Structures are given as C-alpha cells and as structure tokens.
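All remarks here apply to the structure that follows.
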Amino acid sequence: MSHGRFDNPIVAALAGFWDLFRKQDLSDKLTDDDRFDGKTLLVTGANSGLGFAIAVEAARRGAHVIMAGRSKIPEAGDKVKKLSGSGKVEMRYLDLSKLDTIHQFAEGLERDHIKLDVTILNAGVALAKARKTDSGLEEMFLVNYLSNVALTNLLLDKGIVDTEKTNSCKPRILFISSDSHQGSSAVDYDEFGTFYEYGPSKGISDYSYFKLLLNTYATELSRRVNGQEIKAGINVMCPGPVHSNIVKEAPFLIRIVLKGIFKIIFRSPEKACLPVIYMSVSKDYEGVTNQYQHMFNVKDMDPKVYDPDEGKKLWDRSINLWKEVDPAAIQVNGL
C-alpha cells in the first residue's frame, strides 16, 4: 500500500521546483547580528549536504558545533573549521541505522558534560529498495523516524537537552522534515515497524510518509515537554528543494535525471541552510514551540499531525516498538 504523496521521484522533485518561486516572507529576518556565541549546537547528518552547510554557518556565527555522522570523520569536521574560521567544531560518530551507536553517542555527550542549546535533527536517507538493519527494522523507517525518537528521548532523559533551565534561553529542538508529508495517509498501525520489500516507487512514497510520522511525533513531544509552560522550543521545518546527495541510492538512470534536476534547479545547501539557522538562533523563536516553517514561510502542517489522540497513539506505539528491538530503550520520566 502506498502511504505517501508521491510514488515517482522525478514528479516529487519537480513538485519542489515550484516552491522556489513562492514569496519568502521571513527571508530578511536573519541578519549578521544573529549569533550563537556561548551556545552549543548539535546537527545530525553533518558529514555532507545540508547538515554540513548548517555546521559551517553555525560555526561561523560563533556556535560550538558538534557534527554527528557515520562517515568522513574527522575530515568533514576539519573542512568545517577551515571554511568557518572557527576551532569550536568537533565530530562524533553516530549511525542512526544502528541503535547501539545512539546510546554510545548520548553516553559520550553525558560523560563530557555537554549541554545542548540547539539540537538539529537533520539526518535522513532515501532508499530505492528495502534494507533490513541489525534491529530487524527497515532502514529508512529506522533512520528517518524511530532513531529520532530514540535520540531525543535519550538526550532529554540524560539532561543533555535541559528542559529545567531557569533562564530565558530555553533549548531548541528542530526537526528537519519535508513538505512532501502533506497529503500522506494516516498512520498505518497494522504495518507500523514491519519489514517489507519495496522498490523505488514505494521508497519515495514512504519517505514522505515517514516525514508525517516525524512531524506527528515532534508535535506530541512539544505537548509533553511543554504543558502549561514553554520549557523547550520544539519545531519543524522544511528547507525546500536542496541540491544534495540524498538520491545516491536511486537506480542509475533515475539518479542521473535527478542529479541534473538538482544541479540546475534546486538551491545549494549553503542557501537552503539559512532558514534552519534562522529558526535555531533568532530571537523571533524564543519561547516559540510547535511551529512549522517551509523555507522562510510559516505555514500549517498536514492536519493529521495536530490530532492529539493520534499523537498519543503514535508516541505509545513508537516507545513500545523501540523497547521491542532495543533492550536499552528507556521511557523518559514525566513524558
């Protein structure tokens, strides 16, 4: 069954093209005065593409940047230092297709007494066919969705993202998503977490669908963390069409066509990262939670994302599935 808005990667890519011509209401809001001085920022999937560009721009603006990725260590970090002119950059190993590395990553941050002011969950993968991970889960489901559930819960449980801060600078968690989630089907709990074989059409459809899951989870996380008082800004954004290597797993001919579209039409990661930086640093987002921004425009997510009953059900099923496949899974007290 197809769950996503698109089942053709070329149609999906061309649909994103029109977004580039829409007026960007907040494009002049990010200024050179918006800086991260004294703050620590984590970005996942930082070894290339959008995540790499985020790391460069954040370091340039004074952040202590922690780059999480599964390859190009330490050369990607060294390159960020060179491009940004900042020495406050480090790389740490994190492979979201392997749950044990998420625990090791969080334990390393805790051991080093790291406190995150900004957490940008950017890592993602688009696959042309199913791959089973060591946990038994399909890789795209795990990397694009469930591992983000695991990572955020561990960061909150260990106080690495400290929601009990007494000052006005509340931590921010930003989920990088896709506007292609709009129009995806409701959560299919009969299929939830089940491994199944698929081809390119199902892969592109599920990519959008897993972004719907991610957005629904982010919305529920904001409800649970914040309650009557804003303790953390938990928001979602789509950077728009980005020229990146996310299609590296596509079949050869489709990959060639998509790379051509990306190169000619899509924005560079250096431009696409700017609305991400804006949501991460601007005073406009102090005390703001459960906001969705598509490039430089605030808009609504798919209506299904905001259903509190659906959010609770997805949360419970996600935590239970995590516990089924990971003996070290935890439930954060109070959430």
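Roughly what % antiparallel, to the nearest 5, for the DSSP beta bridges in the chain? Can you show the working numbers first?
Working: 3 of 29 bridges.
Taking every DSSP beta bridge within the chain, about 10 percent pair in antiparallel fashion.
Could you calculate the contour length gain from Ser27 to Asp309, that is, 0.36 nm times the residue separation minus the distance between their Cα atoms, to one decimal place in nm? All intermediate terms of the calculation are to be shown ahead of the outcome.
Details: separation 282, 0.36 × 282 = 101.52 nm, distance 3.50 nm.
Here the segment from Ser27 to Asp309 would lengthen by 98.0 nm.
Label segment 55-200 by shape, choosing from rounded, prolate and oblate, from the square roots a ≥ b ≥ c of the eigenvalues of the Cα gyration tensor; if a/c is under 1.5 it is rounded, and otherwise prolate applies when a/b is larger than b/c, oblate when it is not.
Numbers: a/c = 1.83, a/b = 1.54, b/c = 1.18.
In terms of gyration-tensor shape, prolate.
Rank these for me by crowding, Arg35, Arg61, going from fewest to most other beta carbons within 10 Å. The partial results should precede the final answer.
Details: Arg35 14, Arg61 22.
Ranked by crowding around the Cβ, least crowded first: Arg35, Arg61.
To the nearest 0.05, what FRET efficiency results for Lys129 and Leu335 with a Förster distance of 41 Å applied to their C-beta separation? Can you show the working numbers first?
Working: r = 35 Å, r/R0 = 0.86.
After rounding to 0.05, the efficiency reads 0.70.
From the Cα gyration tensor of segment 116-157, with a ≥ b ≥ c the square roots of its eigenvalues, which class applies: rounded if a/c is under 1.5, or else prolate if a/b is larger than b/c, or else oblate?
Working: a/c = 4.53, a/b = 1.85, b/c = 2.45.
Oblate is the answer for segment 116-157, as a/c is 1.5 or above yet b/c matches or exceeds a/b.
What does the charge count near Lys158 come to, summing +1 for each Lys or Arg and -1 for each Asp or Glu among other residues with Cβ under 13 Å from its Cβ? Walk me through the numbers before you get to the answer.
On the way: positive: Arg111, Lys115; negative: Glu107, Glu110, Asp112, Asp157, Asp162, Glu164.
Cβ neighbours under 13 Å give a net charge of -4.
For the chain, set up a GNM with springs between Cα atoms under 10 Å and report which of Glu286, Glu75, Glu270 has the largest fluctuation.
In this elastic network of the chain, the residue with the biggest mean-square fluctuation among Glu286, Glu75, Glu270 is Glu75.
Gaussian network model of the chain, Cα springs within a sub-10 Å range: biggest mean-square fluctuation belongs to which of Val276, Val43, Val288?
Among Val276, Val43, Val288, the largest mean-square fluctuation in the Gaussian network model of the chain belongs to Val288.
Using just the helices of the chain, give the 222 nm mean residue ellipticity in deg cm²/dmol: DSSP H runs with n ≥ 4 each add -39,500 (n - 2.57), and the total is spread over all residues, rounded to 500. Don't skip to the answer; put the middle values down first.
Numbers: 10 runs with 126 residues, N = 335.
It comes out at -12000 deg cm²/dmol, rounded to the nearest 500.
Need the list of lysines near Lys79 for cross-linking: C-alpha distance under 17 angstrom, and skip anything on the same chain fewer than eight residues off.
Of all the lysines, those that pass the test against Lys79 - Cα under 17 Å, at least 8 places apart if same chain - are Lys88.
Based on the Kirkwood radius over alpha-carbon pairs, what is the Stokes-Einstein translational diffusion coefficient of the chain at 25 °C with 0.890 mPa s viscosity, in µm²/s? Display every interim value, and only then the final one.
Details: Rh = 19.9 Å.
Once the numbers are plugged in, D ends up at 123 µm²/s.
Assign unit charges at the C-beta atoms only (+1 for Lys and Arg, -1 for Asp and Glu), then state the dipole size of the chain relative to its Cα centre in Debye, rounded to the nearest 20.
920 debye
If I build a Gaussian network model for the chain, linking alpha-carbon pairs within less than 10 angstrom, which residue out of Thr101, Thr216, Thr194 has the largest mean-square fluctuation?
Highest fluctuation among the options: Thr194.
Please give me the summed charge of the neighbours of Ile73: other residues whose Cβ is under 14 Å from its Cβ, Lys and Arg +1, Asp and Glu -1.
Numbers: positive: Arg70, Lys72, Lys79, Lys81, Arg92; negative: Glu75, Asp78, Glu90, Asp95.
That works out to +1.
What length, rounded to one decimal in nm, is gained on full extension from Ser268 through to Arg35, with 0.36 nm per residue of separation minus their alpha-carbon distance? Don't skip to the end; give the middle numbers.
Values: separation 233, 0.36 × 233 = 83.88 nm, distance 2.18 nm.
Additional length available on full extension: 81.7 nm.
All other residues with a Cβ under 11 Å from the Cβ of Asn144 taken together, and with Lys, Arg as +1 and Asp, Glu as -1, what is their net charge? Before the final figure, lay out the partial values.
Values: positive: Lys211; negative: Glu138, Glu139, Asp206.
For residues surrounding Asn144, the net value is -2.
List residues of segment 288-321, by number, whose backbone nitrogen lies under 17 Å from a label position 7 Å along Cα→C-beta of Phe192.
So the set is 304-321.
Since every read-out is calculated from the coordinates, none of them should be taken as a lab result. Since this is a predicted model, take the numbers as computed values, not measurements. No Cβ is skipped: glycine too gets one built from the backbone with ideal geometry, and neighbour counts run over all protein chains shown.
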